[in-house]
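The values are calculated or read from the model by the stated rules, or taken from the named source; none is laboratory data. Please read all numbers here as calculations on a predicted model, not as lab measurements. Heads up, the Cβs are rebuilt from the backbone with ideal geometry, glycines too, and the neighbour counts pull from every protein chain shown. All accessible areas refer to the heavy atoms of the entire protein, side chains included, with ligands and DNA or RNA removed. Shrake-Rupley method; radii C 1.70, N 1.55, O 1.52, S 1.80 Å.
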Amino acid sequence: MNLEQSFLEWLSGWEAGLPELELEKVVARPEQVAVLSVDLIKGFTTVGPLASPRIAGVVPAVARLFRRTYELGVRHFVLTQDAHTPEAVEFSAYPPHCLAGSVEGETVEELSTLPFAESFVVFPKNTTSSMLGTGLEAWLQAHPELTTFIVVGDCTDICVYQLALDLRLRANLAGRKETRVIVPADCVQTYDLPVRTALELGSMPHDGDLLHRIFLYHMALNGVEVVARLV
Ligand SMILES: [Zn+2]
């Protein structure tokens with residue numbers, strides 16, 4: 001018996017069987033809900049070396065979720081997004097991308113053109129972490145009434161994973177059992193870099209489907225509510 005294969009088979013069945021959650025129930029107390037979008041900027045969707053069609057593909061679902069949650073009364077929309085300095089240490093791991101003030105660093109138009117876009121709270125970041133060196137921790141401390149965090153964006157296995165875990169662990173540390181961190185799988189995605197292409201580029205390969213699935217699982221394993229979608 002090949003245990004590794006049976007786990008991966010189980011994992012793909014787990015992903016296929018993710019439940020749906022009713023959005024109206026999730027945001028029944030809209031003043032206690034925040035939607036956090038990670039890195040839905042042009043540099044990860046349509047412009048530059050890290051743009052990914054897979055990531056661009058979730059933008060319509062995210063924009064729809066923004067509109068629906070707003071209609072249901074949610075008023076906290078937080079965008080954490082790469083705005084790198086030219087000397088960012090991260091550029092030793094990833095090619096230079098999303099410099100502060102560049103087109104790559106702009107919010108995707110599907111979000112920036114929403115009628116309530118002016119109310120977005122935007123936190124620029126210079127690492128994959130939405131917490132480190134941003135104003136997010138202070139913002140969260142200023143909003144202790146928030147109990148439900150819906151996390152969307154990219155990449156499932158990098159910045160989304162880190163933020164979802166940070167929100168979960170922060171609540172765990174504070175003993176806040178009522179806190180929910182929810183990741184709708186149709187609103188998060190990661191990039192794909194096949195082995196052959198990666199070898200040509202001298203980069204590390206990155207299997208988008210597998211890593212998306214594994215990190216959804218890893219978030220669920222750690223108490224994040226991973227669902228197929230919010231309906
Ligand atoms: Zn970056």
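For the chain, the solvent-accessible area works out to 49 Å² per residue, with a probe of 1.4 Å and every protein chain left in place. Shape class for the range 79-148, computed from the alpha carbon gyration tensor (a ≥ b ≥ c): oblate, with a/c not under 1.5 and a/b at or below b/c. Counting only residues at least eight positions apart within a chain, or on another chain, the lysines with an alpha carbon under 23 Å from that of Lys42 are Lys125.
Compute the Cα gyration tensor for the range 106-207, then decide on rounded, prolate or oblate, letting a ≥ b ≥ c be the square roots of its eigenvalues: rounded whenever a/c is under 1.5, prolate when a/b is larger than b/c in the other cases, and oblate in all that remain. Judged from the Cα gyration tensor, the range 106-207 comes out prolate (a/c at least 1.5, a/b above b/c). Among beta bridges identified by DSSP and lying wholly in the range 30-230, the antiparallel ones come to about 5 percent.
Leaving out ligands, DNA and RNA, and with a 1.4 Å probe, what % of the accessible surface on the range 1-76 is carbon or sulfur?
Summing carbon and sulfur atoms, their accessible area is 53 percent of the total for the range 1-76.
Applying D = kT/(6 pi eta Rh) to the range 30-230, where Rh is the Kirkwood radius over alpha-carbon pairs, T corresponds to 37 °C and eta to 0.692 mPa s, the Stokes-Einstein value obtained is 193 µm²/s. Projecting the Cα atoms of Thr156, Leu18, Ala93 onto the charge dipole of the chain, computed from C-beta unit charges around the Cα centre, puts Leu18 farthest toward the positive end. Evaluated with a Cβ-only charge set (Lys, Arg +1; Asp, Glu -1), the chain carries a dipole of roughly 540 debye about its Cα centre, given to the nearest 20. Size descriptors for the range 1-129: radius of gyration and Dmax over Cα atoms are 17.7, 56 Å. For the range 154-210, the share of alpha carbon pairs falling in successive 10 Å distance bins from zero is 21, 35, 26, 13, 5 percent. Placing a label point 7 Å from the Cα of Glu20 along the Cα-to-Cβ direction, the residues of the range 196-231 whose backbone N falls under 12 Å from that point are 228-231.
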